[in-house]
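Everything on this sheet refers to the single structure shown next.
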Amino acid sequence: MDYEAVIGLEVHAELLTESKVFCGCSTKFGAPPNQNTCPVCLGMPGALPVLNRRAVEFALRAGLAAGCEIQRSSRFARKNYFYPDLPKGYQISQYELPLCLGGGVDIETEQGAKHVRLTRIHMEEDTGKNIHDAHGDASLVDFNRCGVPLVEIVSEPELRSPAEAGAYLRKLRALLQYLEICDGNMEEGSFRCDANVSVRPRGSNPFGTKVEIKNMNSFRNVERAIEYEIKRQVDVLTSGGGLVQETRLWDPDREVTRPMRTKEFADDYRYFPEPDLLPLLVAEQWVAAVRHALPELPDARRARFAREYGLPQYDAEVLTMRKDVADYFEATVQRHRNPKAASNWIMGEILRLIRERKLDTALVIREWPVPAERLAALIELIDSGEISGKIAKAVFEEMVTTGKTPVQIVADQGLTQVSDEAAILAAVERVLAANPGKVAEYRGGKEKLFGFFVGQIMKETQGKANPQKLNELLRAKLGG
């Protein structure tokens, strides 16, 4: 029997507020364990929560950017369960009355564009972090993360493959980063995903038994975990077995999912309205102000890059996946307008260095290997014919190493391109005179030797000969 996968994703995104959602403790990542805590986020008796207005604003940004319907009245609820990282014994979340309903995210798939609908975006507080195997056979708990504001973004079960799930997550992370409400760092846990996966006979409507997968800290792990789980479920069903609704953990070392616990239902959490918080009322004027302040979002910027700068769709897609990369591109083009050359250098050399130095893990790349104005100056030297593309690569490496401007490097090392026809012709004649046998072979039909002559002439001119003039003069000398 042919099966199809049914995938829904629940994304938890930590909001970039300075303080927690219900108290004044810092949200800074990396502090010593249990330092950023107080009676409120530790759930001490008598400590009362106070809602962080900035967190609500960030949640509104997410909802408006995703095309959600903003609920003028929403309510917080207590989600009751017992786990070591939850000091209160319950989590303050939203259930029956969330802040944002509906909306969607557009992705590109192998079959073309696809709109993935959202069920909801709601606010909640984060839990602590369990640390296993760090101290003998004991588990430790760090409560610093307790109370950090989250939005949970729940998709409809409309994804059908690991690749679609990956495309959806990348698009969603880019959207949150453009809004500057989440840094999207999966390794630090500020952008986390749980996947609900089931399979059913292709063409049927009822859903199969749903399995939730946790512990996926990269896009690659999400895709591999879903791929494994689909295969596991199909194998169970085709062998005559049955599936259990459960939560499974992804083991990245063994590349398998393994059982964690049976999957809870909503009733198991005994939701009830949070008695210490009033309903959240959002004024129309506030929603309008947040909507007005939204930045240009990735889809709109990608379309503009293709339209305004004449870039191929692929280039526009790569350049706009991160807001800071798109900003860097535009800063480069403003100083010297050659969009395609700027795109090539950024997608090639600049992003390579950023990946190698692991500078792209933060929301904003602050330590650019080469400032935008210097990349523009390098491209201008190429376009003016002062240096060749080959020399430009060497100049670029020197810019990265020394921090000098391209003009300084070209002047210091005497790298100016040779465009004087007499000088290039003299080099051509010297190379041809030194290789009479190969000249005869070329004229006898072995045209691939043309590249050999070009290489020898470049060597003769220390790579400085203008390639276009060199080719013209060489062909004329070889007779065609």
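The values are calculated or read from the model by the stated rules, or taken from the named source; none is laboratory data. Here the structure is a predicted model, which means the values were calculated and not measured. Neighbour counts run over all protein chains shown; Cβ positions are idealised from the backbone, glycine included. Ligands, DNA and RNA are excluded from the accessible area calculation, which covers all protein heavy atoms including side chains. Shrake-Rupley method; radii C 1.70, N 1.55, O 1.52, S 1.80 Å.
Treating only the Cβ of Lys, Arg, Asp and Glu as charged (+1, +1, -1, -1), what charge dipole size does the chain show about its Cα centre? Round to the nearest 20 debye.
Rounded to the nearest 20 debye, it is 800 debye.
Please work out whether segment 127-259 counts as rounded, prolate or oblate from its C-alpha gyration tensor, where a ≥ b ≥ c are the square roots of the eigenvalues and a/c under 1.5 means rounded, while otherwise a/b larger than b/c means prolate and anything else oblate?
Taking the square roots of the gyration eigenvalues as a ≥ b ≥ c, segment 127-259 is oblate.
May I ask you to derive the relative contact order of segment 71-149, considering only C-alpha pairs under 8 Å and at least 6 residues apart, and to give it as an integer percent?
Numbers: 149 pairs, mean separation 20.2, N = 79.
Dividing the mean separation by the residue count of segment 71-149 yields 26 percent.
Is segment 282-405 best put as rounded, prolate or oblate by its Cα gyration tensor, with a ≥ b ≥ c the root eigenvalues, rounded for a/c under 1.5, and otherwise prolate when a/b is larger than b/c, oblate when not?
Values: a/c = 2.60, a/b = 1.84, b/c = 1.42.
Prolate shape, in that a/c is at least 1.5 and a/b is the bigger ratio.
In whole Å, what is the distance between the alpha-carbon centres of segment 325-403 and segment 94-120?
36
Over the chain, what is the relative contact order in whole percent, taking alpha-carbon pairs under 8 Å and six or more residues apart?
Across the chain, relative contact order equals 14 percent.
For segment 19-63, what does the relative contact order come out to in percent, with C-alpha contacts under 8 Å and a separation of six or more?
Contact order relative to length: 42 percent.
Pop out the carbon and sulfur fraction of the accessible area of the chain as a percent, whole number, probe 1.4 Å. Can you show the working numbers first?
Numbers: 11920 of 23490 Å².
About 51 percent, which is the carbon plus sulfur part of the accessible surface.
Note down the nm distance, to one decimal, between modelled labels 7 Å out along Cα→Cβ at Arg366 and at Gln413.
3.1
For Kirkwood radius over Cα pairs in Å, pick the label among (1) 25.6; (2) 26.5; (3) 25.0 that corresponds to the value derived from the coordinates.
(2)
Would you mind checking the pairs Lys358/Lys464; Lys20/Lys214; Lys20/Lys210; Lys114/Lys231; Lys340/Lys459; Lys28/Lys210 and listing those with alpha carbons more than 31 angstrom apart?
Lys358/Lys464; Lys20/Lys210; Lys28/Lys210
Using the heavy atoms of the protein chains alone and a 1.4 angstrom probe, what is the accessible area of the chain per residue in square angstrom?
Ligands and nucleic acids excluded, the figure is 49 Å² per residue.
How large is the helix-only mean residue ellipticity at 222 nm for the chain, computed as the sum of -39500 (n - 2.57) over DSSP H runs with n ≥ 4, divided by its residue count, in deg cm²/dmol to the nearest 500?
Computed ellipticity for the chain at 222 nm equals -12000 deg cm²/dmol.
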